[in-house]
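Below: one structure, written as structure tokens.
The values are calculated or read from the model by the stated rules, or taken from the named source; none is laboratory data. None of these values were measured; they are calculated from a predicted model. Cβ sites come from the backbone with ideal geometry, for glycine too, and all protein chains shown count toward neighbours. SASA here: full protein model, heavy atoms, side chains in, ligands and nucleic acids out. Shrake-Rupley method; radii C 1.70, N 1.55, O 1.52, S 1.80 Å.
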Amino acid sequence: SGAAHRPWRLFGAMCLLRLPRITQPLEKEEEEMAALMAQIELEKSHYSDHEIRKLEEEKQLKRRKESLYDEDEAPGKTVIMAQDLEEKWEQKFLRFKAAPRITDADKSNDRTSLNRKLDSNLMLLVKQKIGNQELWLLPQVEWQPGETLRNTAERAMATFMGDHIQAKILGNAPYGIYKYKFPRAIRTEDNVGAKVFFFKAFLQSSDLSQAKLKADHLWVTKKELGDYLKSEYLKKVNQFLLD
Amino acid sequence: DALLGCHRSYRSRPTHGIGKFKYLLPKELPKRRKEKVQMKEIDAGTEYQYGDVNIQMTSYDLCLVEHFAQYVHRLCNRLSIRVNESYAMPTKTNEVLFLEERGSKMQLDAILTTHQRVVQIRGLSSTFAPILLEVIQSNQPEGVHLSVKQHTEADFKSRLKSRPELEELRAQMS
């Protein structure tokens, strides 16, 4: 009799995520809620120092206009009025220009750059040759006995992206598993199929100046995964992706 | 007669002490002033569980931080993770002075307050920890800095104020 268990080949795959840089635009209910909460907080809060100062100075101005007393108790104090400060700050704020939310890469739909879709997660997809087919997959590498699956995943990342990428894996447990059997032509006693274990890593720095080994890579969001991955594979991958 | 015939439960009457109920309630011990020292849990082993974990949120905006802390607390309740405490660290005030040297030296002041909220969690299994971290990370609001650490004695002591008079007296005694 043969081996008690069917030997499967093990692969470790790495799902490299780039976290969103901007928050997503709020929906209608969220905006209404935010406005309501802001109003509640405003009405509940006390006056800050600046506002108290402003009110007092307004009262002083009124008194001076109505009753023309020359009672400037402290002429030296009110050189800079709170109102002037506010105007200065407003002008400074108007001069500030925020960076655009929709970048150039978005407009040209360049899927190889990291700068598009700044408000959602981006995943790395690589073209790999499996059997005799060239498929778009999450980067994977075969497991070698003696190393943990997490090390396999890290090695997969290193082979496709170069060494020393600042990516952080949070835990030792895999996030998902995809197993498939080889077509009958290739199946032998020892090689029934393969199991792919998925790990997740977060990209810490968005600076990928090091050259990549294989040029066929893409950064895609969860919705665009369907364009590239096969349906079974996609199902398993979608199970562990948050959006 | 009507004035004298009141139904006051006097000590000799059988209805004396009819309205008493405090003896029926459970005994309340007097409150202790001392804070008990924290307890530690197993960290490594087959059952991989983290001990006390502190999730610290800092920001300049008070409302954001408080709402985010509330959100994290409710999330943990929902996921049946035990929350030990959820407290606030004292706020730090920073004064920002701009020294513009274009001709006349001007000094514009700005006062920034940094607020910090801490949610302490116990019993986090290591298979679940990365998922929780990812959820919190992806729901972070703008301007809030998040850090997750293990609870240490130093963290515990940073909440307490030092008493210089007590220390002086102790030094004098010894």
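The single residue among B:112, B:62, B:133, B:146 that is at the interface with chain A (Cβ under 10 Å from one of its Cβ atoms) and under 22 Å from residue B:159 (Cα atoms) turns out to be B:62. Regarding region B:98-105, can at least one residue be identified that is under 20 Å from residue B:57 (Cβ atoms) and within 14 Å of another protein chain (Cβ to nearest Cβ)? Within region B:98-105 (the criterion being under 20 Å from residue B:57 (Cβ atoms) and within 14 Å of another protein chain (Cβ to nearest Cβ)), the answer is no, since none of the residues qualifies. Scanning region B:36-64 for residues that are at pLDDT 85 or above, more than 14 Å from the chain's Cα centre (by Cα) and open to solvent by less than 50 Å² (accessible area, probe 1.4 Å) gives B:58, B:59, B:63. Screening A:195, A:222 for residues that are at pLDDT 80 or above and within 14 Å of chain B (Cβ to nearest Cβ) leaves exactly one candidate, A:222. Among the residues making up region A:227-243, those that are within 14 Å of chain B (Cβ to nearest Cβ) and in contact with a strand residue (DSSP E or B) (Cβ under 9 Å, 6 or more places away or on another chain) are A:239, A:240, A:241.
The criterion of at least 2 residues that are buried (at least 18 other Cβ atoms within 10 Å of the Cβ) and under 23 Å from the mean Cα position of the chain (by Cα) is met, among strands (runs of 3 or more DSSP E) falling completely within region A:103-157, by A:122-130, A:133-137.
Residue count for region A:160-171 under the criterion of being at pLDDT below 80 and exposed (fewer than 15 other Cβ atoms within 10 Å of the Cβ): the result is 4. Looking at A:52, A:80, just one residue is closer than 30 Å to residue B:98 by Cβ and modelled with pLDDT under 75, and that residue is A:80. Only one of the numbered conditions (1) of a type in the set (Ser, Thr, Tyr); (2) under 22 Å from residue B:133 (Cα atoms); (3) modelled with pLDDT of 85 or more is violated by residue B:23, and that is (2).
Of the residues examined, residue B:131 is one that is surrounded by 10 or more Cβ atoms within 10 Å (Cβ to Cβ), aliphatic (A, V, I, L, M) and without any contact (Cβ under 8 Å) to a residue 24 or more places away in the chain.
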